[in-house]
Amino acid sequence: VSAPVSPPDTPPDTPPPAAAPVPAPVPARAAGADTGTDTARGTRTSTDAATGAGNGTGNRISADTVREVLVDTVAEKTGYPADLVDPGLDLEAELGIDSIKRVQMIGVVQDRFPELPVVRPEQLGELRTIDQLVGHLVGEAGAADPKAPSPAAEFRSAAGEERTRRHRVELVGLPPADRLARPFPAEPVAVVADRGEPHATALAGRLAHEGWTVRRVDLSAYTDIGALEEEFAAATSGPLHLALAVLGTEPDALAAERRLTETVLFAKHARNGLRTGGAHRAAFVTLTRLDGGLGLLGTAEPEAALVGGAGGVVKTLAAEEPELFCRAVDLHPGLDADTSADLLLAELHDAASDTLEVGVDASGTRRTVTPGRHPARTASSEVDVHGAPKPLVTADDVFVVLGGGRGITALCVAALAEHCPARFLLLGRSPLDQEPEWAAAVPDADLKAAVVARLRSGGDRPDPGEAERRYGALRAQREIRATLARIEAAGGTATYHSVDVTDAGAVRAVLAGHRVTGVVHGAGVLADAPLAHKTAEQVERVCSPKLRGLTTVLGAVDPAGLRHLVLFTSVAGLLGNAGQADYAAANEALCRFAASWRHRRPGQHVVAIDWGAWDGGMVGPELRELFTSRGVRLLAPATGARAFVEQFAADALDETRVLVGEAEPLYGTRPAAAPALVARRSLDGLERDPVILDHRIGAHPVLPATFGLGWLVNFAERAHPGLRVVRARDFAVHSGIVFDEGPAGDRRMELTGGEVAGDRVVVRAAVRDDGDGDRSVPVSHYAVTLELAAEAEAAPALPVRPSGTGAADASGLYTGAAQFHGPQLQGMREILEFTAERLVVRCRLADRTVADGAFAGRAHSPVLADVLLQGPSVLGGRVLGQACLPLGIAQADYYAPLPDDRDFLLVADEPRRADGGLTVNATAVDPSGRVLVRFTGVTFVATPAMSDKFAEAVAHWQNRTTAADTLPGNGRGSPN
């Protein structure tokens with residue numbers, strides 16, 4: 001987040017890498033949701049709003065009153081005298097009021113008049129003048145519905161702090177798609193935008209064969225972007241169920257920029273038809289054929305890989321239109337047309353809507369990017385704000401820094417200069433002229449007023465736009481001089497060159513004679529607006545310095561002499577952000593370029609840094625509070641600069657892409673229920689997984705109950721992006737799945753339409769067979785009621801004070817057949833207390849990914865959770881006198897994930913006989929006494945033959961003859 005976007009003729013040298021002008025607020029809760037307020041405490045009713053109750057007048061608020069407050073606020077925020085603020089002027093183009101300041105303006109008005117309606121972010125893009133804002137606020141004040149809760153009331157809380165994490169951004173495996181039964185209507189409509197590629201033609205034909213009405217837009221037929229927009233509008237009018245953009249590889253950055261512009265404009269127009277598609281799925285999908293890994297495997301040519309930035313458009317649309325199914329698909333270019341069509345149809349029918357990007361390689365293996373909405377974990381570390389970084393940079397290094405004159409990029413390279421006296425060639429578009437005498441002695445705080453006074457001295461009424469341009473130019477020059485001075489003071493050498501970084505000839509002239517060893521690309525421009533208001537000019541203005549700026553500079557240096565290539569990218573591209581489709585696309589394109597460049601030059605240090613939201617620039621107290629209340633931790637400038645320097649250290653040189661900041665999107669998540677879903681999942685191959693083989697009861701492996709629960713948790717969470725299961729109720733094992741002979745086949749998954757209850761969504765989920773010839777009713781395997789929320793409740797404390805005389809080795813519980821589990825599931829380490837009423841065990845187990853996480857949730861590991869059932873089973877065996885198995889859990893509460901390969905305590909207690917069996921509680925507690933997961937009312941049943949089956953299973957894993965059968969990490973069930 002930084003200063004407002006300058007007018008087109010003087011774009012800023014360095015917009016914020018994590019530009020998030022305003023975090024999109026969470027939409028209002030559903031009716032009946034608990035907002036934490038009530039009428040007695042001041043909640044306004046529609047009658048209050050219409051009469052102006054609460055403003056002390058009892059009368060409707062006048063337009064003149066609101067206009068006066070807005071004019072005064074603009075004057076305060078911009079430094080212009082109020083008499084220059086014409087209510088009819090365009091707030092951004094003529095007054096320099098960007099989206100950040102508009103939020104601040106609205107905040108002031110709503111503090112003064114809380115009965116006025118909330119202005120949503122998408123409305124801010126439409127309300128361009130003070131008069132339009134007044135018309136909206138006053139015209140809507142008498143609306144029939146009560147005022148929605150303020151966005152701040154919906155945001156999560158988190159304290160800002162300087163500690164920041166660095167996350168590896170990488171590809172992770174995905175399981176095969178769970179196929180929905182009928183996501184689209186009987187006569188669906190698709191629009192395919194492509195350039196006549198053969199595989200696009202094959203896809204369109206396949207869709208038509210499947211019963212789709214297909215309209216094609218031939219992008220190659222349009223050289224005029226305005227005419228293309230008209231065609232997009234015509235083709236996407238009316239109900240639409242699929243908008244498919246097919247992007248071929250392009251030879252250079254200019255062509256890639258055109259493809260990304262077309263994709264943004266296609267999304268702009270398609271969204272209207274998709275929103276009217278009815279109750280069925282409506283999908284916006286992009287298709288590329290880079291490397292089968294979303295361009296991140298690096299096998300595509302660097303400039304050809306830039307079209308992978310289309311994923312940024314997809315993620316932006318998902319943020320702006322969360323009810324749509326959005327996905328960027330990248331297929332391996334070696335796949336034939338028929339196979340490609342099959343794979344694309346599988347993605348269209350995927351039950352999971354949390355995965356916005358999917359790559360499919362030549363073998364059919366699916367991958368996505370993490371961090372992201374998909375819950376896969378990624379490696380992370382904390383930025384060391386106190387240590388002494390040791391960057392592998394020397395005094396012989398010469399860096400070209402795009403956008404290095406001011407802003408965040410300047411801050412970072414100055415920090416690098418403090419550790420190594422390198423040379424820096426700073427490139428920016430702002431001219432560095434001699435400051436006029438009248439301004440030389442004016443402090444920064446008074447500079448805008450001095451500009452206005454200077455313009456007034458000419459006798460005419462100053463134009464605010466002209467005043468903003470002159471003020472911006474003077475401020476830019478001061479910042480550039482300060483950057484040069486700071487680098488020189490640190491021991492480095494710096495020169496500034498005013499140049500258009502997209503002008504190849506000008507860039508070559510500046511760099512001629514310099515032996516460049518490093519490039520830092522932090523240049524860029526912002527033009528934030530919802531997709532509905534995006535223009536081709538805005539997209540070009542944003543993408544050009546990012547894409548052509550990079551390739552122009554690299555074309556002017558000797559690539560063989562480069563040691564470092566560092567690209568500033570953004571969390572807005574990685575995770576999406578409303579209003580930033582072009583910015584997200586440009587940043588995602590750079591990440592693909594980095595992967596391809598490194599693939600061809602493995603000896604060079606190449607990294608794309610996805611920056612989180614910076615605490616600087618225009619982030620004042622109001623916005624800081626807004627971000628903090630959203631749970632967005634702002635990146636302290638000094639910490640971010642330190643992270644930049646650390647990226648040059650030896651232990652970071654293998655990182656091609658990292659996220660610096662929190663792995664959370666800048667937009668909010670509200671409790672929104674998905675419709676009822678029915679899907680199918682194949683279990684084929686699961687019977688060969690080492691973890692499943694270690695869960696043998698008697699002669700055959702059996703799917704663990706925690707996998708059955710995790711199956712349903714996974715299904716529900718992936719249908720509700722941004723939400724996680726925080727509670728499971730009435731989980732029941734009706735008929736376990738036994739892997740006896742042959743393939744396991746498919747199972748049917750069912751999810752009811754959810755009900756919103758306060759800040760939670762409640763669903764019922766089940767796994768069934770389809771039934772066979774003799775059964776009229778499908779066999780039910782598992783069923784549960786799940787509660788999902790954006791965050792878990794605060795974890796309770798449970799101090800554990802074992803009453804035993806000392807710790808005892810727990811391995812005998814496995815070798816002695818008190819439990820049957822093989823080595824991959826043996827997590828009980830030491831018995832700390834064991835009575836007829838309570839068992840306390842120290843546990844530790846390395847988590848293992850089974851079936852690419854298809855049976856896991858955000859806080860539910862099916863492998864680690866199995867340990868929580870083992871302890872109660874041991875206690876139940878002591879009470880009942882024979883081995884017992886779990887058949888249900890009355891309630892499971894998830895506060896935090898169980899630790900991977902770290903100690904936790906398991907407390908099994910309160911055994912109660914019931915219905916011929918036993919119920920036991922199980923609680924996992926971390927070493928500090930914080931509850932992680934609690935299973936209440938775990939139901940166990942015992943049979944006379946169960947002890948013999950346990951003994952048979954133990955004998956089986958003990959008698960394995962090959963070391964590979966027992967070593968952790970073998971096969972699909974490998975440690976994370």
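Here, each number is a calculation from the coordinates, and none is a lab measurement. Note that the coordinates shown come from a computational prediction; the quantities given were computed from them, not determined experimentally. Ideal geometry is used to build each Cβ from the backbone, glycine not excepted, and the neighbour counts take in all protein chains shown.
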Rounded to whole Hz, the Karplus (6.51, -1.76, 1.60) HN-Hα couplings of region 298-308, x for glycine and proline: x, 7, 7, 5, x, 6, 5, 6, 4, 5, x
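With a/c under 1.5 counting as rounded, go ahead and sort region 648-738 into rounded, prolate or oblate using the C-alpha gyration tensor (a ≥ b ≥ c being the square roots of the eigenvalues; past the cut-off, prolate if a/b is larger than b/c, else oblate).
On the way: a/c = 2.87, a/b = 1.38, b/c = 2.08.
It is oblate, given that a/c is not under 1.5 and a/b is not larger than b/c.
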Taking the DSSP beta bridges in region 170-377 as the whole, what percent of them are antiparallel, to the nearest 5? 25
Full-stretch length increase - residue 808, residue 279 - with 0.36 nm per residue and alpha-carbon distance subtracted: 184.5 nm
Tell me, 667, 583 in order of fewest to most beta-carbon neighbours within 10 Å? 667, 583
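Rounded, prolate or oblate, given the Cα gyration tensor of region 170-377, with a/c below 1.5 counting as rounded?
On the way: a/c = 1.39, a/b = 1.08, b/c = 1.29.
Judged from the Cα gyration tensor, region 170-377 comes out rounded (a/c under 1.5).
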With contacts defined as alpha carbon pairs under 8 Å and 6 or more residues apart, what's the relative contact order of region 731-840 in percent? 20
Filter the trypsin sites (Lys or Arg not before Pro) in region 506-579 down to the DSSP loop ones having no more than 13 other Cβ atoms within 10 Å, then list what survives. 515
Step through the residues of region 634-639 one at a time and calculate ³J(HN,Hα) from phi using the Karplus curve (6.51 cos²θ - 1.76 cosθ + 1.60, θ = phi - 60°), rounding each to whole Hz and writing x for Gly and Pro. 6, 8, 4, x, 5, 5
